[in-house]
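K.L.:
Have a look at this one before I ask anything.
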């Protein structure tokens with residue numbers, strides 16, 4: 001359930017793309033600093049967005065440093081340093097990755113997930129007190145989500161996506177550092193943005209996995225809610241695609257509307273690209289990834 005919130009590179013100015021990469025690499029090194037070198041395998045684009053957004057609303061001055069990266073031996077990489085937003089994003093990144101590994105073990109008996117979860121299970125002890133409070137929110141909402149998924153006691157896509165949507169909203173709203181012109185109204189707007197973005201992530205992830213889940217007879221909320229006649233993946237996906245697309249477009253549009261209500265101090269163009277173009281590009285790619293030349297998905 002990670003890596004969907006990305007920019008549309010072809011529509012970005014070079015300076016903006018370089019800045020985006022500096023945040024991404026900055027988050028990577030923040031994870032290394034706080035949780036060790038191996039923890040960098042948890043790095044994902046969604047938390048880069050979190051860092052960009054919160055830093056764009058913060059008092060922190062942007063500091064950039066060039067470093068030598070073992071993965072890019074031919075060049076020095078620019079990274080954002082001394083960012084409270086990236087420090088926060090690094091902890092959230094590690095926490096969510098750990099619980100994803102635990103979920104993989106429970107669902108698939110994954111050996112890789114079991115080994116990984118053992119490595120990550122003590123990382124939360126390194127959280128600051130303020131981050132530990134946020135970690136409790138993560139634990140509670142993921143438990144609520146798992147209960148719904150296991151019990152199958154839900155009747156709509158809104159109901160099953162709520163725990164992850166609420167979790168995402170709270171992760172942004174509960175940022176423990178002061179923001180520029182910090183008010184309850186600002187925090188509520190951040191919650192709405194995060195809620196709709198989290199709903200979008202949950203649903204697009206479910207559609208992304210839909211064919212594989214049907215083939216392997218694994219739980220998938222879209223299949224459970226709408227495939228009442230137990231159709232095959234090839235039969236079902238064209239029928240449900242437009243309905244899921246409508247929900248995804250509503251969620252992404254609501255997230256973008258909340259973003260437009262914010263007074264972003266920096267990173268505006270990058271964030272605008274991600275929320276207006278990046279999400280739409282991801283919608284198109286994933287909604288149509290099963291389609292062939294004569295696919296009914298496009299009808």
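K.L.:
Mind checking whether some residue in region 113-134 is assigned to a helix (DSSP H, G or I), in contact with a helix residue (DSSP H, G or I) (Cβ under 9 Å, 6 or more places away or on another chain) and either at pLDDT 85 or above or more than 26 Å from residue 37 (Cα to Cα) (or both)?
P.N.:
no
K.L.:
While we're looking at this one, here's another question. Filter region 216-246 down to residues that are within 24 Å of the chain's Cα centre (by Cα) and over 18 Å from residue 149 (Cβ atoms) and give me whichever is surrounded by the fewest Cβ atoms within 10 Å (Cβ to Cβ). Spell out the reasoning first.
P.N.:
As a first pass, look at region 216-246 and keep what is within 24 Å of the chain's Cα centre (by Cα): 218-225, 237, 240-246.
Restricting the remaining residues to those that are over 18 Å from residue 149 (Cβ atoms) gives 237, 240-243, 245-246.
Working: 237: 25, 240: 18, 241: 21, 242: 12, 243: 13, 245: 18, 246: 10.
Restricting to residues being within 24 Å of the chain's Cα centre (by Cα) and over 18 Å from residue 149 (Cβ atoms), the top hit is 246.
K.L.:
Among the residues of region 172-179, is any in contact with a strand residue (DSSP E or B) (Cβ under 9 Å, 6 or more places away or on another chain) and surrounded by fewer than 17 Cβ atoms within 10 Å (Cβ to Cβ)?
P.N.:
Taking region 172-179 as the starting set, the residues that turn out to be in contact with a strand residue (DSSP E or B) (Cβ under 9 Å, 6 or more places away or on another chain) are 175, 177-179.
Still in the list and also surrounded by fewer than 17 Cβ atoms within 10 Å (Cβ to Cβ): 177-178.
Yes, there is a match, as at least one residue in region 172-179 is in contact with a strand residue (DSSP E or B) (Cβ under 9 Å, 6 or more places away or on another chain) and surrounded by fewer than 17 Cβ atoms within 10 Å (Cβ to Cβ).
K.L.:
In region 51-72, how many residues are outside any strand (DSSP E or B), at pLDDT below 85 and either farther than 14 Å from residue 24 by Cβ or out of contact with any strand residue (DSSP E or B) (no Cβ under 8 Å at 6 or more places or on another chain) (or both)? Lay out the reasoning, then the answer.
P.N.:
Restricting attention to region 51-72, the residues satisfying the condition of being outside any strand (DSSP E or B) are 51-57, 59-62, 69-72.
Retained after the next criterion (residues that are at pLDDT below 85): 69-72.
The next check asks that each one be either farther than 14 Å from residue 24 by Cβ or out of contact with any strand residue (DSSP E or B) (no Cβ under 8 Å at 6 or more places or on another chain) (or both); those that pass are 70-72.
Residues flagged as outside any strand (DSSP E or B), at pLDDT below 85 and either farther than 14 Å from residue 24 by Cβ or out of contact with any strand residue (DSSP E or B) (no Cβ under 8 Å at 6 or more places or on another chain) (or both) within region 51-72 amount to 3.
K.L.:
In the set 264, 244, which member is modelled with pLDDT of 95 or more and in a loop (DSSP other than H, G, I, E, B)?
P.N.:
Residue meeting the stated conditions: 264.
K.L.:
Identify, please: which residue in region 152-172 is free of Cβ contacts under 8 Å to residues at least 60 places away in the same chain, over 15 Å from the mean Cα position of the chain (by Cα) and not in a loop (DSSP other than H, G, I, E, B) and is, among those, nearest to residue 263 (Cα to Cα)?
P.N.:
Step by step, filter region 152-172, then rank; the result is 158.
The values are calculated or read from the model by the stated rules, or taken from the named source; none is laboratory data. For clarity, every value in this text was computed on a predicted model and none was experimentally measured. Heads up, the Cβs are rebuilt from the backbone with ideal geometry, glycines too, and the neighbour counts pull from every protein chain shown.
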